[in-house]
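First comes the structure, then the notes that go with it.
Every read-out reported here was derived from the displayed coordinates using simple, explicitly stated rules and does not represent laboratory data. Here the structure is a predicted model, which is why all the values come from computation and not from measurement. Please note: Cβ atoms are built from the backbone with ideal geometry, for glycine as well, and neighbour counts cover all protein chains shown.
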Amino acid sequence: MSGLRSAVAAGLALLYVAPWVGALGAVARLAWGDGAEGYRALMADPQTLPALASSVATGGAATVLALAAAAALTVGLHGRPGWDRLQRAVPALLAVPHAALAVGLALLVMPSGLIARGVAMLAGWADPPDWPTVHDPAGLLLIAVLVLKELPFLLWSLQALLDRPDVAAVLSRQRAAARTLGHRESTVWWTVLLPAWGPALAGPLLAVGAYAVTVVDVAWLVGPTTPPTLAVLSWQWLQDADPQRQAQGAAAAVALTVALVVLAIATTAALAALAMLARRQALRGPPRPAVQPPAAGRAGRLPWARWCTTVPYALAALALALASGAGWWPFPALWPERWTAASWVTALEAVPTLGFSAALGAAAAATALALGLLWCTTAPPAWDRRALPWLVAPIVLPGLLLAAGLYRVSLALQWDGRWLGLWAVHTLLALPYVLLVLLPAWRRHDPRWRQAARVLGRGRWATLWRVQRPMLQAPMAAALAVGFAVSVAQYLPTVFVGAGVLPTITTEAVTLTAGGQRSLGAAFALLQALLPLAGFAAAAAVSARARAWERHA
Amino acid sequence: MATDPHRRAALRAALVLGLSAGAAKARAQTAASGGPTVTARDGVPDGAARWSAIEREARGQTVRFNAWAGSDRVNAYLQWAAAQLAPRGVRLQHVKIAETAEAVQRLLAERDAQRRAGSIDLLWINGENFLRLKRERLLHGPFAEQLPSWRWVDTVGKPTTRVDFGEPVEGYEAPWGMAQLTFFADRRRVPDPPRDAAGLLALAQANPGRLTYPKPPDFHGATFLKQLLRELTPEPAVLDRPLDAARFEAATAPLWTWLDRFHPLAWRQGRQFPPTAAAMRQSLADGELAMALSFNPNEAASEILAGRLPPTVHSWQHAAGTIGNTHFLAIPVNAPARAGAQVVVDFLMSPAAQARKADLAVWGDPTVLDLARLPADDRRAFDGAMRAPGAVPVPAPVLPEPHASWVEPIERAWTRRYGV
């Protein structure tokens, strides 16, 4: 019945693509509405090229460094107690909003930050030093925030991959083989395992890269300013009331997307080449025999590596907690001069919106997972590649335009200002992330399990429920948690499609902190992390249970 | 300060009944200025009849007021306003937004979808966003000058209540509050505030690395440039006319000379700039900067009250005046609750609401009304608003914004010189 299955998959694709086509209409109208005017303005603007270079450099560096760090941590820690401890911390790290980490780290490193105050006490400074630590022209703090924030996501995706019984089996076989042949375990990881699984990581990696190159809030908070990244410029131009500036903003968004597509093709090709090399390598065996077996001393250095990931988060949270209650706090005092509960009073008034946000997030994530599973079971694997641009597009394109476009669609359907519209839009926005987490795990799942179940007389859905679901429980829970977090974090689509009258914790947080008051921003940053934290913790519990079951079986 | 509902009802009745006498003068002015003429019917002034019809229609309506929500004081004030309006049968709902541009985008989308019952009844707005909506014919009006409270508006002393960034308002938005560029600093660091651009440069010399301004095209950063241009340009009158490209060089040359001397003395040597005025205010509190700026003359005073700035901070304006403007309330053309929105606007422009808004303990937003023309009782309500530690001691004259056509060329020239 593959014809019926393809028809279901095609229908699903249509259901997903149709609203985006409507939304992209808004983008296209602005980007091509008055001919090439926007592009001419973009080319004539002296900020464009340096801003594009800045976007690509910071986003690219952050992606490569995050991938390298994730690989190094996996090689160094997997199979050791440190890995489990790190994975237990990952849900908490994932739950921290990007902007919160950026603000928290800025509070540490800025010239009047906690570090400078500590130094001032020892050195006897009376005034903050002239440190270009925030908004530095090279974007170092921006890169650092992005690496720290994307690393947990990559570790999470890797864990979901490694938790799959078939992958786990390959892993233990390869390890045993390496030990038998006297190779270093890390050699096998770097030369065989990681390259072979590279393509499976392409989805998450693409999401990371797309996010890093197009991110607005973090780049605005801590990124370079003269000029800012192109994503920030595009966002500023799109906010302008002047239609010509808006056209320039749309043109900048298109330019950024083109740059990203080039980067994505290059990355995918590189990963595929690595995988091919690895297959050849595997046939020939690892390149050099290890001089020594895995040394116990190596493991001693690894807890340090683990702390590199978690300690910045803890310090940022500490800085945010201090700032949320601080009134006037003159330099170089280590402690605020005046404390105030005013920000927490305001923030706690928004607590009732947590329930609505949670319900909306759960509904959207569950629907997105159901649709994602339907795609996985009906679409031929070859279709995934064609679906990929549509999955990445909503992550890449400017939020203001997409929100305006989705609002147009919801107006046409008369779904604006209604729960139904918000649920549909949040599902639509969660779906790409859910699929990017789910697809690689699903497609690399050994088809022989399914075939065996079918041969034993189980139906398609029974096979799905009794065989595939338990084995893919961990990636499914991960996808659900990511979808939930994506829904909870939506600001513009919620304000637009909800017509502003269906407030969530995020709309409250963004609107109430628009005045740039630090203590209020800090209080909301901590409050906003609550829901995603619960989601990721639940997913971590599911995957821990799956691992325990695996060991038991 | 809870207002007695009986007194409020009486006040309202007096407002409506007293309209014939009070509004006669205003109508005469409107007629003289070529505005809509008013005819009498059955001996009842048309304006009063129309207004009571609007009030009747407003009963039971919910007004979705899309307003920037970045200040807890503004939000608390709107909650108070909602409580005051409830007895009049109008439900005021504050729809919180982070940027007015969001609301503008929604209105454009609703226009394209030909949605006749839109999602916005009232909008807090001014400047370019107003210009865009007015040009796109997305605003209801003219309505502002027909409201009962309009007669107290100080259109002579505060001409920006009728001209919004060079664009004639023509009754398509109602003035709500006043803004004027104001500087503030810690008295211990800046005991003698500069009185002009030259003084500001001297202050930078005395505090190297501690002065700066938000990066244009940020609203406050652009205003800082306009302020300097007004002070330094050889022929200020040129700025009030549409841009003459041939005179741009000569008019702006002194500005670039000033900035070329200022930047080496500025924060990060003028190679970077803070993103917003709010960031500067925070940096002032942290000790990274010696001076911050705001459009609200009472901002420093209210921050001191909130315990976020030390009581030693004081505010000033340049002696010859600083750039000022007005922020407004507008009603979209597709607002379902147009009558309710007008009742809300009329209340927010009323002496009682304006006095409470001007109160530093509440919001500290300067009034659009002419205090001298108010009845003595209403005027007394404003007394507490003026004197508070940190507020501007002697307000300087308001300088008008340069003609809107100057803004973008100035921003472009700035970006080319200092922004990349």
Rounded to the nearest 500, the 222 nm mean residue ellipticity computed for chain B from DSSP H runs (n ≥ 4, each -39500 (n - 2.57)) alone is -12500 deg cm²/dmol
D (µm²/s, integer) via Stokes-Einstein for segment B:257-337, Kirkwood Rh across alpha-carbon pairs, 10 °C, 1.306 mPa s: value 102
Mean separation of Cα contacts under 8 Å (at least 6 apart) over the residue count of chain A, i.e. the relative contact order in percent, is 24
With a Förster distance of 60 angstrom and the Cβ-Cβ distance between residue B:62 and residue A:382, calculated FRET efficiency to the nearest 0.05 equals 0.70
Quick P(r) readout (segment A:1-153; Cα-Cα; 10 Å bins; whole %) gives 9, 19, 22, 27, 15, 6, 2, 0
The convex hull of the Cα atoms of segment B:120-276, divided by residue count, gives a volume in Å³ per residue of 165
The equivalent-ellipsoid semi-axes of segment A:430-553, taken as the square roots of five times the Cα gyration tensor eigenvalues and listed largest first in whole Å, are 40, 17, 10
Output for segment A:200-240 (equivalent-ellipsoid semi-axes, sqrt of 5λ from the C-alpha gyration tensor, Å, descending) is 24, 11, 7
Mean shadow area (nm²) of the C-alpha convex hull around segment B:211-285 is 5.4
Ranked output for segments B:322-332, B:349-359 by mean other Cβ atoms within 10 Å, highest leading, reads B:322-332, B:349-359
For A:308, A:376, ascending order of other Cβ atoms within 10 Å (fewest first) is A:308, A:376
Sorted largest first, the Cα spans of segment A:306-442 on the principal axes come out in Å as 63, 44, 26
Rounded to the nearest 10, the angle in degrees between the Cα long axis of helix B:100-112 and the longest principal axis of the Cα atoms of chain B comes to 50
Of the convex hull drawn through the C-alpha atoms of segment B:50-154, the volume per residue in Å³ is 130
Here the Cα Rg-to-2.2 N^0.38 Å ratio for the protein assembly as shown is 1.02
Those trypsin sites (Lys or Arg not before Pro) from segment B:257-302 that are DSSP loop and have at most 14 other Cβ neighbours within 10 Å turn out to be B:271
In whole angstrom, the spacing between the Cα centers of segment A:357-395 and segment B:168-226 equals 50
Rounded to the nearest 500, the 222 nm mean residue ellipticity computed for chain A from DSSP H runs (n ≥ 4, each -39500 (n - 2.57)) alone is -25000 deg cm²/dmol
Going fewest to most other Cβ atoms within 10 Å around each Cβ, A:163, B:46, B:377, B:260 line up as B:377, B:260, B:46, A:163
Rg (one decimal) and Dmax (whole number) from the Cα set of chain B, in Å, equal 22.3, 72
Here, residue A:356 and residue B:379, labelled 7 Å along Cα→Cβ, have an inter-label distance in nm of 4.6
With the 8 Å Cα cutoff and a minimum separation of six or more residues, chain B has a relative contact order in percent of 24
Expressed in angstrom and rounded, the centroid-to-centroid distance over alpha carbons for segment B:344-420 and segment A:133-162 is 44
Ranked output for segments A:348-357, A:425-434 by mean other Cβ atoms within 10 Å, highest leading, reads A:425-434, A:348-357
Binned at 10 Å starting from 0, the alpha-carbon pair-distance distribution of segment A:459-518 in whole percents comes out as 20, 29, 21, 18, 10, 2
Computed on Cα atoms, the radius of gyration and Dmax of segment A:98-157 in angstrom are 13.9, 47
Taking Rh as the Kirkwood radius computed over alpha-carbon pairs of chain A and applying Stokes-Einstein at 20 °C with viscosity 1.002 mPa s, one gets a diffusion coefficient in µm² s⁻¹ of 86
The FRET efficiency for residue A:10 and residue A:172, from their Cβ-Cβ distance with R0 = 30 Å and rounded to 0.05, is 0.15
Between the alpha carbon centres of segment A:456-512 and segment B:134-149 the gap in Å comes to 44
Non-local residues with an amide H under 5 Å from the amide H of residue A:326, with H modelled 1.01 Å from N and Pro and chain starts lacking one, are A:340
At q = 0.15, 0.16, 0.23 1/Å the base-10 log of I(q)/I(0) from the Debye formula over the alpha-carbon atoms of segment A:206-281 is -0.61, -0.66, -1.02
Of segment A:200-216, those with amide N under 20 Å from the point 7 Å along the Cα→Cβ vector of residue A:277 are A:200-203, A:205-206
The residues A:496, A:536, B:165, B:143, sorted from fewest to most surrounding Cβ atoms within 10 Å, come out as B:165, B:143, A:536, A:496
Note on segment A:123-260: alpha-carbon gyration tensor, axes a ≥ b ≥ c; rule is a/c under 1.5 for rounded, else prolate if a/b larger than b/c, else oblate; result oblate
Share (percent) of C-alpha pair distances in segment A:387-444 greater than 17 Å works out to 45
Taking r as the C-beta separation of residue B:52 and residue B:361 and R0 as 45 Å, the FRET efficiency to the nearest 0.05 is 0.85
The base-10 log of I(q)/I(0) that the Debye equation returns for segment B:364-420 at q = 0.12 Å⁻¹, one scatterer per C-alpha, is -0.57
